[in-house]
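Participant: Below is one structure. I have some questions about it.
The values are calculated or read from the model by the stated rules, or taken from the named source; none is laboratory data. No experiment lies behind these values; they were computed from the predicted model shown. In this analysis, Cβ positions are derived from the backbone assuming ideal geometry, glycine residues included, and neighbour counts consider all displayed protein chains. All accessible areas refer to the heavy atoms of the entire protein, side chains included, with ligands and DNA or RNA removed. Shrake-Rupley method; radii C 1.70, N 1.55, O 1.52, S 1.80 Å.
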Amino acid sequence: MATATATPRRAIESGVPDNKQYMHPTLLKNYGNWKYHDRPRPGVLHHVSYSGEEVWSVRAGTQRQMDVHTIRKLCDIADKYAEGHVRFTIRSNIEFMVADEKKVAPLIEALTTAGFPVGGTGNSVTMISHTQGWLHCDIPGTDASGAVKALMDDLHQEFIKEEMPNRVHMSTSCCEINCGGQADIAIIIQHTKPPKINHDLVANVCERPAVVARCPVAAIRPALVNGKPSLEVDEKKCICCGACYPPCPPMQINDPEFSKFAVWIGGKNSNARGKPTFMKMVASGIPNNPPRWPEVSEIVKKILYVYKDDARPWERMSDWVERIGWPRFFEKTELPFTKYLIDDWRGSRSSLNASAHIRF
Amino acid sequence: MAKKMHPTPMLDKLETGPWPSFVTGLKRLAKDNDMMVDLLGQLETSYETKKGYWKGGTISIFGYGGGIIPRFTELKDESGKPKFPDAAEFHTLRVMPPPGMHYNTDILRKLADTWERHGSGLIAFHGQSGDIMFQGARSDKVQDAFDEINALGFDLGGAGPAVRTSMSCVGAARCEQSCYDEATAHRTVLNNFTDDIHRPSLPYKFKFKFSGCPNDCMNSIQRSDMAVIGTWRDNIRTDEKLARAYFAKHGVTDLVNDVVSRCPTKAIQLVDASKIPTGPSISAVKVSDTQAIAIENRDCVRCMHCINVITGGLSPGKDKGATILVGGKRTLKIGDLMGTVVVPFMKLETDEDREKLVDLGRRIVDFFAENALEHERIGETIERIGLVNFVEGVGIEIDANMVATPRTNPYVRADGWDDEVAKIKAKKQAA
């Protein structure tokens with residue numbers, strides 16, 4: 001007997017939802033009409049409208065990968081203390097808006113009691129923007145949520161206080177594709193050996209010309225291995241970028257021993273003062289040591305606290321290094337400057353010192 | 001009651017310390033969700049072996065080609081069976097957030113309830129492209145989960161070679177530095193590209209991002225193929241009361257060190273209150289009875305620094321709009337690229353203005369679709385073919401704001417020079 005096939009539901013291609021339906025009423029009422037803001041205390045922003053209306057935003061850190069119970073807990077707090085509206089920041093902090101100053105202290109109390117640190121505004125170390133890592137990524141050299149949790153435990157005080165010279169944005173990425181993004185301090189796992197090829201699988205799994213085309217240094221070429229079509233890598237040319245691995249998983253790039261962490265500093269997207277800057281590699285060869293990655297934390301904290309002591313007000317990490325110079329940066333942080341930190345990629349001469357500008 | 005928990009001695013160590021722990025969240029879910037029991041088992045294995053165990057695949061919902069990130073376990077026993085079968089499929093739904101990521105508790109609870117019913121109960125607010133990441137659904141549950149999320153007014157975002165999900169800053173909703181209606185621009189542009197979001201067919205990803213001012217809180221310049229960054233072209237506005245309040249709190253040392261000397265183009269000067277310069281491009285404000293600051297706006301590059309320091313005392317001008325930059329990206333395949341200015345200023349006040357923005361985006365995406373090599377971002381296409389070929393191909397006029405400096409190398413065939421000069425002169429005369 002034939003059964004009727006249920007018609008599958010067609011998606012409503014509604015696109016980006018209208019945010020006005022969810023927005024705090026004071027924000028909605030003063031949309032585009034704000035005059036200035038100040039920061040009464042770390043983690044709290046106070047905005048004043050031309051209409052005279054005011055709003056206080058309380059920012060709290062989250063673990064980003066949240067279970068529904070945590071989300072409901074945050075909703076309970078928002079309903080009881082914060083007029084039922086929230087928003088998230090690009091670094092996975094949550095913000096609660098209240099139109100009455102009296103509501104700020106109880107809200108902070110409720111968040112802190114529930115285990116959500118209040119901070120991350122102004123000159124704080126913000127929550128680390130990060131990638132998926134072992135939890136969900138298909139090409140991760142390490143975990144991201146775990147490394148971030150370990151480091152944020154160490155930097156908790158710097159999140160809840162505003163004691164840095166300027167804001168410090170951090171990111172963590174579980175491979176060199178660096179989905180975590182540019183940051184004042186970025187932590188990125190780095191491959192240090194060429195891919196290990198499983199020649200039995202390449203022909204079945206990989207579109208070989210696509211893999212060849214993807215290699216940025218033309219180190220990959222088609223080859224017959226044991227009578228089967230496969231690929232080979234010129235290991236002298238290979239820069240271990242891992243670009244071949246996503247389209248060709250039998251070219252395993254991650255290695256439990258030889259995938260190491262690198263630390264980068266001085267990235268800034270804001271145009272404030274100088275033009276936006278890319279971050280620069282300052283350390284490499286750091287072991288990938290779960291569950292708490294102590295070696296990475298140690299280097300990050302060293303850089304962070306040298307910056308905190310040495311930079312002047314408003315200097316971001318990049319502004320600070322621009323003033324003191326790279327030799328002194330390496331001297332002060334006690335990080336070794338090795339030949340691997342001198343760029344040799346296309347256009348790299350623009351990163352060399354073509355001047356007699358030397359600090360002594 | 002879920003199955004018995006696997007031992008997780010390494011993950012357990014991430015439950016101590018003051019920062020909220022995702023492990024505690026996973027364990028709470030695992031109390032009544034077998035998938036999370038096994039997810040914890042696989043994750044613990046990764047912590048032990050330092051290896052990842054997910055591979056991709058193809059899963060989509062009816063009518064769409066992208067937006068789901070499929071994950072199948074590769075952690076299998078000798079007979080090829082998954083070691084943690086209840087988490088053998090662990091797909092993510094990428095869902096586009098409202099601009100500025102505003103929510104009320106009612107919608108958050110509904111989204112959470114849906115995901116508890118159909119998925120793992122784990123949600124990331126938000127992924128690095130801005131999506132709400134509903135992490136962990138079995139293949140047979142993806143459609144049901146999407147149907148409910150879609151009925152709540154949310155739609156899938158981009159994945160693969162497609163227009164990707166966008167982000168915009170809090171902007172006009174709460175920021176005095178907002179230079180256009182970011183949320184409306186974000187929705188207008190993205191909702192004109194829904195087909196390119198849901199049905200991947202471009203050479204590679206294409207991202208739009210919207211920041212309301214040059215502070216660029218969305219990091220659009222480094223992380224998007226087309227960055228829309230708010231700016232203004234008239235004079236910085238001043239408010240004496242707030243400027244005086246800053247000075248009263250900070251004094252002349254801070255004013256000089258933190259404001260005047262940090263101006264990147266030296267456009268700002270400390271002046272005697274009795275000798276304030278005047279002129280159509282000067283902004284000046286008294287900070288005390290004897291001292292004032294004066295800004296020559298023609299020298300100002302709209303960096304935001306002085307406005308950030310003396311919030312409200314100095315503000316963006318009134319003639320607002322946006323600068324459009326194209327080609328930002330990180331790493332693969334030729335390394336980092338910043339976005340390059342292609343339109344120095346564009347008004348974004350009316351629907352008609354925004355239509356022009358959509359049209360520009362469409363021309364750029366079309367050019368990208370036709371001219372980029374596979375797996376090449378638009379910034380790399382520009383690097384390969386040169387900016388002039390790009391802007392002429394897209395139909396944008398050449399502008400001196402597009403360069404940091406004119407060319408330094410002499411190897412150019414300039415026999416079309418006179419024609420170009422004549423064209424520019426004719427255009428000027430016609431204007």
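Participant: Please name all residue pairs, on different chains or six or more residues apart, with Cβ atoms under 9 Å, provided the first residue is in the stretch B:296-315 and is on the phi > 0 side of the Ramachandran plot and the second residue is surrounded by fewer than 21 Cβ atoms within 10 Å (Cβ to Cβ) and of a type in the set (D, E).
Facilitator: That search, which allows pairs on different chains as well, returns B:G312/A:D38; B:G312/B:D239.
Participant: Specify which of the listed residues (B:G57, B:G65) is of a type in the set (G, A, S), under 24 Å from the mean Cα position of the chain (by Cα) and either open to solvent by less than 50 Å² (accessible area, probe 1.4 Å) or farther than 19 Å from B:H6 by Cα (or both).
Facilitator: B:G65
Participant: Return the total of residues in the stretch A:41-62 being more than 8 Å from chain B (Cβ to nearest Cβ), of a type outside the set (A, V, I, L, M) and not in a loop (DSSP other than H, G, I, E, B).
Facilitator: Final tally of qualifying residues: 6.
Participant: For the stretch A:280-294, what are the residues that are open to solvent by 10 Å² or more (accessible area, probe 1.4 Å) and within 14 Å of another protein chain (Cβ to nearest Cβ)?
Facilitator: A:K280, A:M281, A:P287, A:N289, A:P290, A:P291, A:R292, A:P294, listed by residue number.
Participant: Right, here's the next one. List pairs: first residue in the stretch B:179-201 and in contact (Cβ under 8 Å) with a residue 12 or more places away in the chain, second residue among the hydroxyl-bearing types (S, T, Y) and part of a loop (DSSP other than H, G, I, E, B) anywhere in the structure, Cβ distance under 6 angstrom, at least six positions apart or on different chains.
Facilitator: What qualifies is B:H186/B:S166; B:L190/B:S166; B:H198/B:Y64.
Participant: Here's a follow-up. Please verify whether B:E78 is more than 7 Å from every other protein chain (Cβ to nearest Cβ), charged (D, E, K, R) and within 30 Å of A:T126 (Cα to Cα), treating the condition exactly as stated.
Facilitator: no
Participant: So, B:A185, is that one in contact with a Ser or Thr (Cβ under 8 Å, 6 or more places away or on another chain) and either open to solvent by 30 Å² or more (accessible area, probe 1.4 Å) or more than 16 Å from B:P97 (Cβ to Cβ) (or both) or not?
Facilitator: Criteria not met by B:A185.
Participant: Is it the case, given these coordinates, that B:T231 is within 10 Å of chain A (Cβ to nearest Cβ) and of a type in the set (S, T, Y)?
Facilitator: Yes, satisfied.
Participant: Would you confirm whether any residue within the stretch A:63-84 is in contact with a helix residue (DSSP H, G or I) (Cβ under 9 Å, 6 or more places away or on another chain), assigned to a strand (DSSP E or B) and either among the β-branched types (V, I, T) or more than 9 Å from chain B (Cβ to nearest Cβ) (or both)?
Facilitator: There is no residue in the stretch A:63-84 that is in contact with a helix residue (DSSP H, G or I) (Cβ under 9 Å, 6 or more places away or on another chain), assigned to a strand (DSSP E or B) and either among the β-branched types (V, I, T) or more than 9 Å from chain B (Cβ to nearest Cβ) (or both).
Participant: Now a separate question. For B:R94, work out the one condition from (1) more than 10 Å from chain A (Cβ to nearest Cβ); (2) part of a loop (DSSP other than H, G, I, E, B); (3) within 31 Å of the chain's Cα centre (by Cα) it doesn't fulfil.
Facilitator: Looking at each condition in turn, B:R94 falls short on (2).
Participant: Might you check whether a residue that is facing chain B (nearest Cβ under 8 Å), at pLDDT 95 or above, crowded, with 23+ Cβ neighbours inside 10 Å and touching a Cys at 6+ places or on another chain (Cβ under 7 Å) occurs anywhere in the stretch A:26-40?
Facilitator: The answer is yes; a qualifying residue exists.
Participant: Across the stretch A:155-178, what is the number of residues that are part of a loop (DSSP other than H, G, I, E, B), of a type in the set (S, T, N, Q) and within 27 Å of B:G25 (Cα to Cα)?
Facilitator: 1
Participant: Look through the stretch B:335-387, keep the residues that are closer than 18 Å to B:A162 by Cα and among the aliphatic types (A, V, I, L, M), and return whichever of them is surrounded by the most Cβ atoms within 10 Å (Cβ to Cβ).
Facilitator: Looking at residues that are closer than 18 Å to B:A162 by Cα and among the aliphatic types (A, V, I, L, M), I get B:I378.
Participant: A further question on this structure: Does any residue of the stretch A:143-154 turn out to be part of a loop (DSSP other than H, G, I, E, B) and crowded, with 22+ Cβ neighbours inside 10 Å?
Facilitator: Yes, there is a match, as at least one residue in the stretch A:143-154 is part of a loop (DSSP other than H, G, I, E, B) and crowded, with 22+ Cβ neighbours inside 10 Å.
Participant: Then there is this: So which residues in the stretch A:88-105 are closer than 23 Å to B:S21 by Cα and open to solvent by 20 Å² or more (accessible area, probe 1.4 Å), if there are any at all?
Facilitator: A:I90, A:R91
Participant: If you go through the stretch A:283-295, how many residues are at negative phi and out of contact with any helix residue (DSSP H, G or I) (no Cβ under 7 Å at 6 or more places or on another chain)?
Facilitator: Residues in the stretch A:283-295 being at negative phi and out of contact with any helix residue (DSSP H, G or I) (no Cβ under 7 Å at 6 or more places or on another chain): 3 in total.
Participant: Would you mind stating whether B:T49 is within 9 Å of chain A (Cβ to nearest Cβ), out of contact with any helix residue (DSSP H, G or I) (no Cβ under 6 Å at 6 or more places or on another chain) and crowded, with 18+ Cβ neighbours inside 10 Å?
Facilitator: No; evaluated as a whole, the condition is false for this residue.
Participant: Go over the candidates B:M10, B:M5, B:M36 one by one and state the one that is within 19 Å of B:K83 (Cα to Cα) and open to solvent by less than 30 Å² (accessible area, probe 1.4 Å).
Facilitator: B:M36
Participant: Output the residue which, of all residues in the stretch B:190-224 that are farther than 27 Å from A:G267 by Cβ and of a type in the set (S, T, Y), is nearest to the other protein chains (Cβ to nearest Cβ).
Facilitator: Result: B:T194.
Participant: Return yes when B:R117 is touching a residue at least 24 places away in the same chain (Cβ under 8 Å), under 24 Å from B:V23 (Cβ atoms), open to solvent by 10 Å² or more (accessible area, probe 1.4 Å) and away from chain A (no Cβ under 11 Å) and no when it is not.
Facilitator: Criteria not met by B:R117.
Participant: Let me ask you something else. Can you list the strands (runs of 3 or more DSSP E) found entirely within the stretch A:179-263 that contain at least 3 residues being among the aliphatic types (A, V, I, L, M) and in contact with a Phe, Trp or Tyr (Cβ under 9 Å, 6 or more places away or on another chain)?
Facilitator: A:185-191
Participant: A further question follows. Of all the helices (runs of 4 or more DSSP H) wholly in the stretch B:369-431, which have at least 2 residues that are free of Cβ contacts under 8 Å to residues at least 12 places away in the same chain and within 30 Å of A:C215 (Cβ to Cβ)?
Facilitator: Fully inside the stretch B:369-431 and qualifying: B:387-394.
Participant: B:D399 passes all but one of (1) open to solvent by less than 80 Å² (accessible area, probe 1.4 Å); (2) of a type in the set (D, E, K, R); (3) modelled with pLDDT under 95; which number fails?
Facilitator: Going through the list (1) open to solvent by less than 80 Å² (accessible area, probe 1.4 Å); (2) of a type in the set (D, E, K, R); (3) modelled with pLDDT under 95, B:D399 breaks only (3).
Participant: Looking at the structure I just gave you, is B:G136 part of a strand (DSSP E or B), more than 7 Å from chain A (Cβ to nearest Cβ) and among the small types (G, A, S)?
Facilitator: Yes; evaluated as a whole, the condition is true for this residue.
Participant: Also, quick follow-up: Regarding the stretch B:132-139, can at least one residue be identified that is surrounded by fewer than 22 Cβ atoms within 10 Å (Cβ to Cβ) and either of a type in the set (F, W, Y) or at pLDDT 95 or above (or both)?
Facilitator: yes
Participant: Is it true that A:D344 is surrounded by 15 or more Cβ atoms within 10 Å (Cβ to Cβ) and acidic (D, E)?
Facilitator: no
Participant: For A:A144, which of the numbered conditions (1) out of contact with any Asp or Glu (no Cβ under 9 Å at 6 or more places or on another chain); (2) in contact (Cβ under 8 Å) with a residue 40 or more places away in the chain; (3) within 11 Å of chain B (Cβ to nearest Cβ) fails to hold?
Facilitator: Condition not satisfied by A:A144: (2).
Participant: Would you check if there is a residue in the stretch B:148-155 being in contact with a Lys or Arg (Cβ under 8 Å, 6 or more places away or on another chain), charged (D, E, K, R), assigned to a helix (DSSP H, G or I) and in contact (Cβ under 8 Å) with a residue 24 or more places away in the chain?
Facilitator: The answer is yes; a qualifying residue exists.
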